[in-house]
Every structure is written in C-alpha cells, then in structure tokens.
1. Ordered by packing density, taken as the mean number of other Cβ atoms within 10 Å over each peptide's residues, highest first, how do 7-18, 79-90 rank?
2. Find out how many positive minus negative residues lie around Phe80, taking Lys and Arg as positive, Asp and Glu as negative, among other residues whose Cβ is under 13 Å from that of Phe80.
3. List the lysines whose alpha-carbon lies under 26 Å from that of Lys2, not counting same-chain residues fewer than 8 positions away?
4. Name the residue farthest towards the positive end of the dipole of segment 30-89 from the options Phe34, Asn74, Met64, assuming +1 on Cβ of Lys and Arg, -1 on Cβ of Asp and Glu, about the Cα centre.
5. Please list the non-local residues whose amide H lies under 5 Å from the amide H of Ser53, H modeled 1.01 Å from N, same-chain partners needing a gap of 5 or more.
6. Apply the Karplus parameterisation 6.51 cos²θ - 1.76 cosθ + 1.60, with θ equal to phi minus 60°, to every residue of segment 24-35 and state each ³J(HN,Hα) to the nearest whole Hz, in sequence, with x for glycine and proline.
7. Counting DSSP beta bridges in segment 1-91, what percent are antiparallel, to the nearest 5?
Amino acid sequence: MKIRIKGNSLRYRLTRSDVNRLAESGCLEDKVDFPGSTFSYVLQLTDDEQLASGFSNNTITLYMPKQMLKELANTDKVGFENTVDNIFLLVEKDFTCLDNVDEDQSDNYPNPLAERIKQ
C-alpha cells in the first residue's frame, strides 16, 4: 500500500496482494518510524457507503466501504473517490509504470495503457 498526500488530497494505491489482504483481514496498516515518533497510515473496511478519513495519534485512517473493495477486486474498476470536509480521498489500483523504474512492480496491476503504447 502506498499513500500520496498533496495539500488536501489523500490517495491510497493498492497492489493485488494489498487488495487480497484487505479482503481477508479488513484492515491494512503501514508506518514510517521517525526519530522519536511513528507515523502510521491505515485502510479500514467499513459498512458505510462512502470513503471517509480520520487523523488521530499520528495515524491517518481511510475508511473504505466493503462494497467498494468487492468491486475493486472483482471488476475492472480502477478506484473510488470522495470529498469530505474539503479533503479529496481516493483509493485506486496500483498499476505498473509505463516508464522504466527501479522498484519491483511484479505485484502491481497491469497498466491498461500498456497495450496502446505498444501499437
């Protein structure tokens, strides 16, 4: 799971195994250990109908409806978004990059634009 924060925008990107683990456990969590403090980010499944978020104890939590996860896992749907209290929220599949990058992308979703570029 990756996060991207820019201004009032919060984006979570999920690999295939992230989606599978979230379906199994209902929650994903990762953290960054800074000297003297830890910053955590969480994706939590809920029974709600819209994406929502919270921030407490150095932890960002994005709440994702279970139905959205089912769609993400079982369809070609790329992601879901919502704006709550001026914060833009987005959960999306993490696609392989079209450029050459050094990071391991073997668990990413195939990029739908890759075939168009080959032609």
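1. 7-18, 79-90
2. For residues surrounding Phe80, the net value is +1.
3. Lys31, Lys66, Lys70, Lys77, Lys93
4. Phe34
5. Tyr63
6. 6, 9, x, 7, 10, 9, 9, 8, 10, 8, 8, x
7. Beta bridges within segment 1-91, antiparallel portion: roughly 70 percent.
Here, each number is a calculation from the coordinates, and none is a lab measurement. Not measured: the values here are computed from a predicted model. Counting neighbours? That spans all protein chains shown, and the Cβs are built from the backbone with ideal geometry, glycine included.
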